[in-house]
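Q: This is the structure I have questions about; it appears just below.
The values are calculated or read from the model by the stated rules, or taken from the named source; none is laboratory data. Treat the numbers as computed from the prediction; the structure is a model and nothing was measured. A quick note on method: Cβ atoms are made from the backbone with ideal geometry, for glycine too, and the neighbour counts reach across all protein chains shown.
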Amino acid sequence: MTNPVSVPVLARQPAGEPRWLRVALDVPLPGLFDYRCDQDVEPGLRVIVSFGRRKLVGVVVELAQAPSMDPAQIKTVERVLYDLPPFAPDWMRLARFAAEYYQRPLGEVMLPVLPPPLRKPSSYQGKRSGLGPVARRDAAQARQERKAQVAPDPAPQDEPQTLAPQASASPIAQPPALHPEQQVAVDAIAALNGFKPVLLHGVTGSGKTEVYLHAAQAVLAAGRQVLLMVPEINLTPQLEAALRARFEPIIGAGGLAVLHSGLADGERIESWSRVQRGQARLLLGTRMSIFAPMPELGMIVVDEEHDPSYKQQEGLRYSARDLAVWRAHDRDIPVVLGSATPSLESWQHAERGHYLRLALQNRASASRLPDVRLVDTRRLQMKQGLSPQLIEALGDRLARGEQSLVFLNRRGYAPVLHCGSCGWVSHCPRCSTFTVLHRVEGRSAYRLHCHHCGYQGTVPRACPECGDQDLLPMGRGTQRVEEHLAELFPQARIARIDADSTRKKGSAQALFASVHAGEVDILVGTQMVSKGHDFRRLGLVGVLNADSMLFAHDFRAPERLFAQLMQVAGRAGRHTANGEVIIQTGYPEQPVYQALKRHDYAGFARYMLQEREATGLPPYAYQALLTAEARELQQALAFLQRARDVADQAGLPALDAVTRYDPVPLRVVRVAHVERAQLLVESTHRPALQAFLTAWSAWLPQIAGEMRVRWQLEVDPLEI
């Protein structure tokens, strides 16, 4: 990544003369846009402007002494928005860096990360702005405050902006005593002065969260803000409750803010505003929270730092973890990356001494790590995908009054519906993939559902190809496993947690609460249950169909499989004796499973890094992926080939240091009647790749426009 980029702030024009502004807008065009303003304005404020026939909210990036074009052609700002303080220079630097590194216009970074009403002109029209009581402020009063250079509104008395010395000693919820490894980690983080990335590598159940909380308490006591990031929304309620119990006595009821996409617009604005004004001292959020303006940020924590959910997969395809490291460097503060299965990139940084590695090798409770048992399924007679060993273990745990988790990363009833006579399988009419057989929630009816485009269809009465009426489900999803377990153990209380059972708002929180309350005997779940949850009565984890990821095309598949299995295995035996994990596999000799059996992440990482280095793959190379979408596959491939050719013809920078591969169709080539293809470029030198991408991306809009193709350039892709 490049060095921090400063945001130029030029001197203001004398009173009475027009202000020339350079504004970032959320439009797919490079550069900033000139506007005239007759009001007092400064960089970081939002403005409403006319752009073509539309009204847009933009962010003032620079004040200019003179316009860059004919003043007669420059439009006047329609409204300056004073409802929030201007974005601070460090936030502007973060946005500019993200735009340059991920090859996007600055406006496509700044505006989409804001809560929706803050970027919509309609929010400021009429009496009902939709902004809520915190963000609504009288514009005239705000202008008067700025002229007088008055600081932003002080926090209410019950929401102190800093902790007084005596506040740090206020009564708080008594934390559990730290074990020696935790204490060493807390002391090491407290001793840091300035920027330093810390990789907190702790086995599941080792108490990484307690280390975060102790480190955060020291930062809060020093009067600074803390950002604590988690990968998924469903991990926030449990952690939010712990944070409130621990810190509300010293930072006040409004001192904690939560930020994620599951919040209503008003709730997001409330959190955003309190954090920006310094009223909220501790922010808990998902990947979007990395862009929250925090004027007194003192530490960033990224929990489960390896998780792919930190990578945005649409629009600005940023890595929140990588931006957290950059932001900590820019602010000269510590950043703590925690995981039981760190990403290979972070592990390599620690191996080279770039990150401080702190290890928690033992569980915080008296329990030991669960025994991992590999069940070879090649010669077993399975019952609906369950081995006799797993069925017996489930019965034993049920008899002992303990909970069990059956993990299958495939939702739905069955992957496909098929005809045994002619071989027909259910395909999505809009995609080059299968439709999944789903049981309608709360009913005995079934439907076909495509997880790629959302298509839903009725189950045919007979095979469309041969007319045979004996259509059967092939394979198993969570719904079918849940159904079979209910037949095997009719006395058991069985619950299923996946994307289908948690569609309604609050349903995931309710389901997890029932598991924590002991109201569930057997839990069937997907990756939603694999990390972050501390199920106190869970003694057994059974893993079905793990081999599906073992031979995937993506070179990161083994790393993802190991992380997923170690995370879900870590749910077992945290507070019960003799925790056990049963993994059903047809390839028990594979290194992934053997390392997992030994709980040997370091050995697995060493093996994988040697393999990556030998093949020249990340983290020993840096990649970017150009994806094209068109009505016809040949059209998408032709665009990619032309983009590849123009790099040679134009003599782009660092051409010799960048490898350009041939265009190929995506694995799922058609989604919703759109054909997709990709072109991979890579280099062993990151600055060389960045120089090439900056020059190359300037050519792509023109080529795409001529060939009527949609395109997306992704830097550091996680899936290829």
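Q: Would you say R447 is in contact with a Lys or Arg (Cβ under 9 Å, 6 or more places away or on another chain) and either crowded, with 18+ Cβ neighbours inside 10 Å or of a type outside the set (S, T, Y) (or both)?
A: Spelling it out, R447 is indeed in contact with a Lys or Arg (Cβ under 9 Å, 6 or more places away or on another chain) and either crowded, with 18+ Cβ neighbours inside 10 Å or of a type outside the set (S, T, Y) (or both).
Q: Scan region 83-107 for residues that are within 26 Å of D38 (Cα to Cα), touching a Leu at 6+ places or on another chain (Cβ under 7 Å) and assigned to a helix (DSSP H, G or I) and jot them down.
A: Passing the criteria: only G107.
Q: Any chance you could count how many residues in region 219-252 are of a type in the set (G, A, S), over 30 Å from R368 (Cα atoms) and assigned to a helix (DSSP H, G or I)?
A: Residues that pass the stated criteria total 1.
Q: Return the residue satisfying two criteria in turn: it lies in region 332-364 and is polar (S, T, N, Q) and assigned to a loop (DSSP other than H, G, I, E, B), and of such residues it is farthest from F604 (Cα to Cα).
A: N362
Q: Out of all the residues in region 195-212, which are surrounded by 23 or more Cβ atoms within 10 Å (Cβ to Cβ) and in a helix (DSSP H, G or I)?
A: K208, V211, Y212
Q: Restricting attention to region 254-280, which residues are in a helix (DSSP H, G or I) and not small (G, A, S)?
A: We begin by selecting, within region 254-280, every residue in a helix (DSSP H, G or I); these are 265-276.
D265, E267, R268, I269, E270, W272, R274, V275, Q276 - these are the residues of region 254-280 that are in a helix (DSSP H, G or I) and not small (G, A, S).
Q: Sticking with this structure for a sec: Can you tell me which residue among L680, L626, L666 is in contact with a Lys or Arg (Cβ under 6 Å, 6 or more places away or on another chain), among the hydrophobic types (A, V, I, L, M, F, W, C) and outside any loop (DSSP other than H, G, I, E, B)?
A: L666
Q: Would region 631-638 turn up any residue that is within 25 Å of H451 (Cβ to Cβ), in contact with a Ser or Thr (Cβ under 9 Å, 6 or more places away or on another chain) and touching a residue at least 12 places away in the same chain (Cβ under 8 Å)?
A: The answer is yes, given that some residue of region 631-638 is within 25 Å of H451 (Cβ to Cβ), in contact with a Ser or Thr (Cβ under 9 Å, 6 or more places away or on another chain) and touching a residue at least 12 places away in the same chain (Cβ under 8 Å).
Q: Out of all the residues in region 568-591, which are crowded, with 23+ Cβ neighbours inside 10 Å and either among the hydrophobic types (A, V, I, L, M, F, W, C) or in a loop (DSSP other than H, G, I, E, B) (or both)?
A: Once the filter is applied, which keeps residues that are crowded, with 23+ Cβ neighbours inside 10 Å and either among the hydrophobic types (A, V, I, L, M, F, W, C) or in a loop (DSSP other than H, G, I, E, B) (or both), region 568-591 yields V568, A569, G570, R571, A572, G573, G579, V581, I582, I583.
Q: In this structure, does I269 turn out to be surrounded by fewer than 22 Cβ atoms within 10 Å (Cβ to Cβ), β-branched (V, I, T), in contact with a helix residue (DSSP H, G or I) (Cβ under 9 Å, 6 or more places away or on another chain) and over 24 Å from E100 (Cα atoms)?
A: Criteria not met by I269.
Q: To continue, here is another question. Does Q634 satisfy being within 22 Å of A350 (Cβ to Cβ) and in a helix (DSSP H, G or I)?
A: Details: within 22 Å of A350 (Cβ to Cβ): no; in a helix (DSSP H, G or I): yes.
No.
Q: Something else: Which of (1) in contact (Cβ under 8 Å) with a residue 12 or more places away in the chain; (2) in a helix (DSSP H, G or I) is the odd one out, the single condition L283 does not satisfy?
A: All conditions are met except number (2).
Q: Is there a residue being in contact (Cβ under 8 Å) with a residue 60 or more places away in the chain, within 29 Å of D307 (Cα to Cα) and either in contact with a Pro (Cβ under 7 Å, 6 or more places away or on another chain) or not assigned by TED's automatic domain parsing to the domain that holds F555 (or both) anywhere in region 652-668?
A: For region 652-668, residues in contact (Cβ under 8 Å) with a residue 60 or more places away in the chain, within 29 Å of D307 (Cα to Cα) and either in contact with a Pro (Cβ under 7 Å, 6 or more places away or on another chain) or not assigned by TED's automatic domain parsing to the domain that holds F555 (or both): present.
Q: If a residue must be within 36 Å of the chain's Cα centre (by Cα) and over 13 Å from V581 (Cβ atoms), how many such residues does region 374-393 contain?
A: Residues meeting the conditions: 7.
Q: Six or more apart or on different chains, Cβ atoms under 6 Å: show the pairs whose first residue is in region 688-700 and surrounded by fewer than 17 Cβ atoms within 10 Å (Cβ to Cβ) and whose second is part of a helix (DSSP H, G or I).
A: W699/V646
Q: What is the residue count in region 239-253 for residues that are touching a residue at least 60 places away in the same chain (Cβ under 8 Å) and either among the hydroxyl-bearing types (S, T, Y) or surrounded by fewer than 18 Cβ atoms within 10 Å (Cβ to Cβ) (or both)?
A: Result for region 239-253: 3.
Per-residue answers, yes or no, for (1) in contact (Cβ under 8 Å) with a residue 60 or more places away in the chain; (2) part of a loop (DSSP other than H, G, I, E, B); (3) under 27 Å from P342 (Cβ atoms); (4) among the aromatic types (F, W, Y):
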residue: E487; (1), (2), (3), (4): no, no, no, no
residue: S501; (1), (2), (3), (4): yes, yes, no, no
residue: K505; (1), (2), (3), (4): yes, yes, no, no
residue: K531; (1), (2), (3), (4): yes, yes, yes, no
residue: D534; (1), (2), (3), (4): yes, yes, yes, no
residue: L561; (1), (2), (3), (4): no, no, yes, no
residue: M566; (1), (2), (3), (4): yes, no, yes, no
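Q: Still on this structure, I have one more. Return only the number of the condition from (1) among the β-branched types (V, I, T); (2) part of a helix (DSSP H, G or I); (3) over 24 Å from the mean Cα position of the chain (by Cα) that V80 does not satisfy.
A: (2)
Q: For the condition under 17 Å from the mean Cα position of the chain (by Cα), modelled with pLDDT of 95 or more and hydrophobic (A, V, I, L, M, F, W, C), what is the one hit in L297, L227, L282?
A: Just one listed residue meets the conditions, L227.
Q: To continue, here is another question. L243 versus (1) more than 19 Å from the chain's Cα centre (by Cα); (2) over 17 Å from Q509 (Cβ atoms): which is the lone unmet condition?
A: (2)
Q: Can you tell me which residue in region 671-686 is surrounded by the most Cβ atoms within 10 Å (Cβ to Cβ), limited to those that are of a type outside the set (G, A, S) and within 25 Å of the chain's Cα centre (by Cα)?
A: The first filter runs over region 671-686 and keeps only residues of a type outside the set (G, A, S), leaving 671, 673-676, 678-682, 684-686.
Those left that are additionally within 25 Å of the chain's Cα centre (by Cα): 671, 676, 678-682, 686.
Numbers: V671: 18, R676: 20, Q678: 21, L679: 23, L680: 16, V681: 21, E682: 17, R686: 15.
That would be L679.
Q: OK, next. The conditions are (1) crowded, with 23+ Cβ neighbours inside 10 Å; (2) among the small types (G, A, S); (3) more than 17 Å from L256 (Cα to Cα), and G315 fails exactly one of them. Which is it?
A: The failed condition is (1).
Q: Among the residues that make up region 415-433, is at least one of them assigned to a helix (DSSP H, G or I), touching a Gly at 6+ places or on another chain (Cβ under 8 Å) and not polar (S, T, N, Q)?
A: No, because not a single residue in region 415-433 is assigned to a helix (DSSP H, G or I), touching a Gly at 6+ places or on another chain (Cβ under 8 Å) and not polar (S, T, N, Q).
Q: OK, next. Would you mention how many residues in region 65-86 are surrounded by fewer than 16 Cβ atoms within 10 Å (Cβ to Cβ) and either in contact with a Phe, Trp or Tyr (Cβ under 9 Å, 6 or more places away or on another chain) or at pLDDT 95 or above (or both)?
A: Final tally of qualifying residues: 7.
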